[in-house]
1. Of all residues in segment A:20-52, which are β-branched (Val, Ile, Thr), closer than 19 Å to A:LYS80 by Cβ and within 10 Å of chain B (Cβ to nearest Cβ)?
2. I'm checking my understanding of the structure. Among residues of segment B:57-85 that are over 22 Å from the mean Cα position of the chain (by Cα) and of a type in the set (A, V, I, L, M), which one is surrounded by the most Cβ atoms within 10 Å (Cβ to Cβ)?
3. When both residues are 6+ apart or on different chains and their Cβ atoms are under 7 Å apart, which pairs have a first residue that lies in segment A:228-241 and is exposed (fewer than 13 other Cβ atoms within 10 Å of the Cβ), and a second that is among the aromatic types (Phe, Trp, Tyr)?
4. Are any residues in segment A:44-82 of a type in the set (Val, Ile, Thr) and more than 17 Å from A:PHE11 (Cβ to Cβ), and if so, which ones?
5. Do we find that A:ASN55 is facing chain B (nearest Cβ under 10 Å) and modelled with pLDDT of 95 or more in this structure?
6. What are the residues in segment B:252-274 that are of a type in the set (Gly, Ala, Ser) and either crowded, with 22+ Cβ neighbours inside 10 Å or away from chain A (no Cβ under 12 Å) (or both), if any?
7. For the subset of segment B:98-107 comprising residues that are β-branched (Val, Ile, Thr) and either at pLDDT below 95 or assigned to a strand (DSSP E or B) (or both), which member is surrounded by the most Cβ atoms within 10 Å (Cβ to Cβ)?
8. Quick check on B:LEU88: is it more than 14 Å from every other protein chain (Cβ to nearest Cβ), modelled with pLDDT of 95 or more and crowded, with 22+ Cβ neighbours inside 10 Å?
Amino acid sequence: MTTYNLTYKPFGKYAVLIEWPPKIDENIFEDVIKFKNKIAKNNIEVLVDVINTYNSLTIIYNSTIKNIYSEILALKSIYKTSSVDNNIKNYCWNIPICYDQKFGIDLVEISTSKKISIDEIILRHSGAIYNVYFVGFLPGFLYLGGLDESLIFARKGKPRLLVEKGSVGIGGAQTGIYPQNSAGGWNIIGKSPISFFARLNKEPCFAKSGDKIRFVPVGLDEFEQLRSQVNLGSYKMERKLINA
Amino acid sequence: MLKVISSGFYTTIQDLGRFGYGDIGVPVSGAMDLYSAKLGNHILGNNHADAVIEITLSKFSCLFENQIIICVSGANLSPKLNGKMIALNTAINIDKGTILTFDKPVYGVRSYLAVKGGFKTQKVLNSRSFFREITDQFVIQKNDILPFEKFSSTIKKPFSSVKINKEHFNSKIIEVYKGPEFELLSKEQQEKLANTEFIISKDNSRMGYRLEELIPNDFQSMLTSAVLPGTVQLTPSGELIVLMRDCQVTGGYPRILQLSDIAINILAQKTTKNTFKFKVISI
């Protein structure tokens, strides 16, 4: 197993930033998540939040860090401990998406510009398994990795003032779902009936960093059925354990 | 409870913020000037985490429908009870039917109205701090009813005001630590950063303050990473953005500076066209 040469930096008086080499890389990401899980396992009480991205962990404390160097030493020794079993389970989630042009308002433009048929775009977009790298930008916005390279498409020069909640977009090499109505510059190819952020739930966002996602195409009728199930609270997410 | 007569320019409910949800993209929020918000609660003998009203530079006014004890702290926006000026940073008895108004700013930008026991508005993810798509409401509106618990005792007069340090409102020095990407800056850029008197642009809000003066740079874009309230980002166009309490949890611009706790509070009391200098201090 690779261990990386990590950099540890103070980030203000309340946080420590740990960085891996600056790359979007599955092995690096796996190591980030392993370290994050070890920190969770250590049950350090003063932690408020541990936020990971592709290649970094930011550890936020609830009060000023008295001695940053001894804190960094403590973190370094946690990194060295061997990965032990932990209770953190990661899932692969099936996310229904309706790619009908009623929602996929930029499908024609992508298809024309790339000379790929709309059916083929849908096939390639729903054929991949995506890594959930982290959640940011908006509550419940998943940063996904794994978009088919042939679908990379530059974001719009001028962002739309309103992109509807649930819209699925492609922005450059990234793809993702808008968890709420928002301004946005991504090219919209479909819509999901799923709620990515249920603010009143104990766990408002079902997915977490380290999970995976598959998009499952559904038709307009099924989309409407699923949406009413979601609204009634009777929809059950399909998921599969991936690190059993 | 309290009934809002005039919402003012931008008025919200705030407490210390929402912690532990950063990894699902939820901002921290909380009172912009935490020092002043805590002071108000402290004077009333409240818990520091009790919710207060944050009033921004404006003509907020309200009617108290119950007897209560209040304290106004932070900016001096000429608070008046039934038309009569009141002292800041002082516990004040309020009778049922009293009208409290805020008017012209004398100093500062954000004023805090605390009530004995705190406001009991909706709590979502362990905080009452307003935030779009988290709380039902993200800004206080005319005719809103803001609940607080009944409290029938009064404080004995005379009650003296807590003296506050005027530097909190007048200081033009914003203390900062070096941020994670500080080392990207050349000697010249560092000097420019230290010697420039920065003007706050009109684009300033609870999410962040953009500054007018530029620091030209040719930094490569970086991979998205975590940001915190008080993080200073440098954009490719040379613009500096000081992130504030409602900032997103991640960002992709180099984080060249990080404001101290006190500096965030001091900056929260400044607005468009106000000026300041950064002073880099060691951790």
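1. Correct list: A:VAL50 only.
2. B:ILE68
3. A:LYS240/A:TYR91; A:LEU241/A:TYR91
4. Hits for segment A:44-82 are A:ILE78, A:THR81.
5. Judged against the criteria, A:ASN55 is a match.
6. Start the filter on segment B:252-274 by keeping residues that are of a type in the set (Gly, Ala, Ser), which leaves B:252, B:260, B:263, B:268.
Passing the criteria: B:ALA263, B:ALA268.
7. First, pick out the residues of segment B:98-107 that are β-branched (Val, Ile, Thr): B:98-99, B:101, B:106.
Keeping just the survivors that are either at pLDDT below 95 or assigned to a strand (DSSP E or B) (or both) gives B:99, B:101.
On the way: B:ILE99: 14, B:THR101: 18.
This residue is B:THR101.
8. Yes.
The values are calculated or read from the model by the stated rules, or taken from the named source; none is laboratory data. If you're wondering where the values come from, they're calculated on a predicted model, not measured in any experiment. Cβ: placed from backbone, ideal geometry, glycine included. Neighbour counts: every protein chain shown.
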